[in-house]
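Student: This is the structure I have questions about; it appears just below.
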Amino acid sequence: MDIIFDAFRNLCRRKFRTLLAVSGVAVGIFAFLVMGAMAEHFRRISVQFEYLFENRIFICERLSFWAGGGILSEAKLKKVKEIPGIEEAIPMLISRWSDERMVVVGLPRVVVGLPLENIKSIIGRFRVISGNLALNDKESVIVGYDLAQENKLSTGSKVKIGNEDFIVSGILEKTGGLYDGQMFIRLSEAQKAFHRKDLITSIMLIPSPRVDPEKLSVEIKNRVKGIEVIPPSRIKSQIRSSLSLWNGLTFGAAFTACVAGALCVIIIMLVSVSERAVEIGLKRAIGAATSHIMLEFLSEAVMVTVSGWFIGSIAGWFFICILTRWLHSMGSNLFDLTPRLFVTALVGVVALGLLSGLYPALRAASIEPAEALKVRY
C-alpha cells in the first residue's frame, strides 16, 4: 500500500506531464471502445443472420446487401417447388417501410410479406412481448422491438404501410439484430400495399431431412434459370467475411491504442528515472531492494494506464450513448456497448502498464548509489 501512495505522490510531482500520458492512453481506449461497440453490433447481427440461414437456401433475382434484390415472379416459385427434396418453400416480398430517408445509418426499416402458413417458420423462434404471432386478420402486422419503440407502438396501434392502415397484433422481443427493425404482414397484403401483384423479392427454402442443401442448391440452379441460388455455405462465408472486417478494425484500434499509450508511458517514465536518479541512489544506499525500486516504477506505469482507461471509458460511454440516441431518432443503430469491451480494455491497460513500465523500472533498479550521488554533487 505504501508503494501505491508513493507512486501517486511521484506522479503528482509533474502533473502536466502525467496528464499528457494519461490523455494518450485515454484517447486509445476511447477509439477502442467506439470501434469495439460497432464490431459488437455487427457481430450480433451476423450471429442472427447465421442462425436464420442455418441449413437454408436463399433464392433471389440478384445478390444485394439484403441477400435478395430485384423482383421474381411467382411462376419461378412454382418451378422451384417442382424440384424434389424441398420441405418448405417460403416466398417473401421485402420492401422499405418508408422512402422518406433513402440513406440510413445501419439497417433500414423494412416490411416483410409472408404467406400466413409460413410466419412461424421465419419468426417462430422468437417470443412476443405483447400480443401474438398470428396474422389472423388481413390488416394485422407483427412489429420488431426497435420499430415499436421508435414509433411508440403497442398492441392495437395503427401503422400505415403504403396507403393501407394495419393494426399491430404482436411486438417481437428484443433480438439484438435483423428482426428488431422489421415488420411482418401477409404476402398478399404486401403485394397490394407495394403494387407488386404476383411478384416477390426472394424465396427461402428449407430442405427435407437428410437432403444436402449444397447439392440441392446446385440442382435448383441447373433446373431454374434467371435466379441467384445462395447455399448455406456461401451465406456463412459472406457473414464471417464481413465479421472479420469489423474484427480487423477493432484489432487495429486496439493496436493503435497500445502503441500510442505505450510510447507515452515509456517516455514519461524514462524522464522520471533520469530526474530521480539521486533519489533512487539514496534509496539504494539505505538498503532499498531492487524489487522495491522496480515495483515502485511499475506501479506508477500501471496507475497511469488505469487512469487513462477510466477517463477513456467514461468519454467513450458518453459519446456512444449520445450518438446512439441520435441514431435511434433516425431509426438506426450502430453500437452495442457490452461489459466485455470494458473488461478487455482494463486487462489490456494493466498489461500495457506492466510491459511499458518494465524497461524504465529495470533502468531505475540498475542505478548505482555512488554514480547517482556523483551526478548530483
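Each row is one residue, and each column tells you yes or no for (1) among the acidic types (Asp, Glu); (2) modelled with pLDDT under 80; (3) not assigned by TED's automatic domain parsing to the domain that holds Ala254.
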residue: Gly24; (1), (2), (3): no, no, no
residue: Ala31; (1), (2), (3): no, no, no
residue: Leu72; (1), (2), (3): no, no, yes
residue: Leu77; (1), (2), (3): no, no, yes
residue: Gly85; (1), (2), (3): no, no, yes
residue: Leu107; (1), (2), (3): no, yes, yes
residue: Asn118; (1), (2), (3): no, no, yes
residue: Ile123; (1), (2), (3): no, no, yes
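Student: Moving to a separate point now. Does Ser233 satisfy the criteria of being under 30 Å from Pro207 (Cβ atoms), in a helix (DSSP H, G or I) and in contact (Cβ under 8 Å) with a residue 12 or more places away in the chain?
Tutor: Spelling it out, Ser233 is indeed under 30 Å from Pro207 (Cβ atoms), in a helix (DSSP H, G or I) and in contact (Cβ under 8 Å) with a residue 12 or more places away in the chain.
Student: Give me a count of the residues in the stretch 291-307 that are over 13 Å from Gly357 (Cβ atoms) and either among the aromatic types (Phe, Trp, Tyr) or crowded, with 20+ Cβ neighbours inside 10 Å (or both). Outline the logic, then answer.
Tutor: Step one: of the stretch 291-307, the residues over 13 Å from Gly357 (Cβ atoms) are 291-292, 307.
With the extra rule that they be either among the aromatic types (Phe, Trp, Tyr) or crowded, with 20+ Cβ neighbours inside 10 Å (or both), the set shrinks to 307.
Number of matching residues: 1.
Student: Go through Phe166, Phe184 for me and flag whichever is outside any loop (DSSP other than H, G, I, E, B) and without any contact (Cβ under 8 Å) to a residue 40 or more places away in the chain.
Tutor: None of the others qualify; the one that does is Phe166.
Student: Among (1) surrounded by 15 or more Cβ atoms within 10 Å (Cβ to Cβ); (2) without any contact (Cβ under 8 Å) to a residue 60 or more places away in the chain, which single condition is Asn136 missing?
Tutor: With (1) surrounded by 15 or more Cβ atoms within 10 Å (Cβ to Cβ); (2) without any contact (Cβ under 8 Å) to a residue 60 or more places away in the chain applied to Asn136, the lone miss is (1).
Student: Here is a further query. Can you name the residue in the stretch 318-333 that is within 25 Å of Thr344 (Cα to Cα) and surrounded by 16 or more Cβ atoms within 10 Å (Cβ to Cβ) and is also modelled with the highest pLDDT among such residues?
Tutor: Within the stretch 318-333, the match that is modelled with the highest pLDDT is Ile320.
Student: If the Cβ limit is 9 Å and pairs must be 6+ apart or interchain, which residue in the stretch 202-220 that is within 25 Å of Ser95 (Cβ to Cβ) and in the same structural domain as Leu72 (by TED's automatic domain parsing) pairs with which residue that is part of a strand (DSSP E or B) and acidic (Asp, Glu)?
Tutor: Met204/Glu88; Leu205/Glu87; Leu205/Glu88; Ile206/Glu87; Ile206/Glu88
Student: Given (1) under 28 Å from the mean Cα position of the chain (by Cα); (2) crowded, with 21+ Cβ neighbours inside 10 Å, where does Lys174 come up short, assuming only one miss?
Tutor: (2)
Student: I need a count of the residues in the stretch 187-226 that are in contact with a helix residue (DSSP H, G or I) (Cβ under 6 Å, 6 or more places away or on another chain), part of a loop (DSSP other than H, G, I, E, B) and surrounded by 13 or more Cβ atoms within 10 Å (Cβ to Cβ).
Tutor: Total meeting the criteria: 1.
Student: Restricting the stretch 260-290 to residues that are over 20 Å from Arg14 (Cα atoms) and free of Cβ contacts under 8 Å to residues at least 60 places away in the same chain, which is surrounded by the most Cβ atoms within 10 Å (Cβ to Cβ)?
Tutor: So, considering only residues that are over 20 Å from Arg14 (Cα atoms) and free of Cβ contacts under 8 Å to residues at least 60 places away in the same chain, the one surrounded by the most Cβ atoms within 10 Å (Cβ to Cβ) is Lys283.
Student: Another one. Go through the stretch 112-135 residue by residue and tally those that are assigned to a loop (DSSP other than H, G, I, E, B) and within 18 Å of Lys160 (Cα to Cα). Spell out the reasoning first.
Tutor: At the first step, the residues of the stretch 112-135 found to be assigned to a loop (DSSP other than H, G, I, E, B) are 115, 124-127, 132-135.
Narrowing the set further to residues that are within 18 Å of Lys160 (Cα to Cα) leaves 135.
Here the count works out to 1.
Student: Given (1) in contact (Cβ under 8 Å) with a residue 60 or more places away in the chain; (2) in contact with a strand residue (DSSP E or B) (Cβ under 9 Å, 6 or more places away or on another chain), identify the lone condition not met by Leu249.
Tutor: Result: Leu249 passes all but (2).
Student: Evaluate the stretch 288-304: report whether one residue or more is farther than 14 Å from Ala361 by Cβ and in the same structural domain as Thr344 (by TED's automatic domain parsing).
Tutor: No, there is no match, as no residue in the stretch 288-304 is farther than 14 Å from Ala361 by Cβ and in the same structural domain as Thr344 (by TED's automatic domain parsing).
Student: Could you check the stretch 262-275 and list, in sequence order, the residues that are at pLDDT 75 or above and either on the phi > 0 side of the Ramachandran plot or not polar (S, T, N, Q) (or both)?
Tutor: Ala262, Leu263, Cys264, Val265, Ile266, Ile267, Ile268, Met269, Leu270, Val271, Val273
Student: Also, quick follow-up: So is Leu337 among the aliphatic types (A, V, I, L, M), buried (at least 17 other Cβ atoms within 10 Å of the Cβ), part of a loop (DSSP other than H, G, I, E, B) and touching a residue at least 40 places away in the same chain (Cβ under 8 Å) or not?
Tutor: In short, yes.
The values are calculated or read from the model by the stated rules, or taken from the named source; none is laboratory data. Quantities reported herein were computed from a predicted structural model and do not represent experimental measurements. FYI the Cβ positions are ideal-geometry reconstructions off the backbone, even for glycines, and counts take in every protein chain you see.
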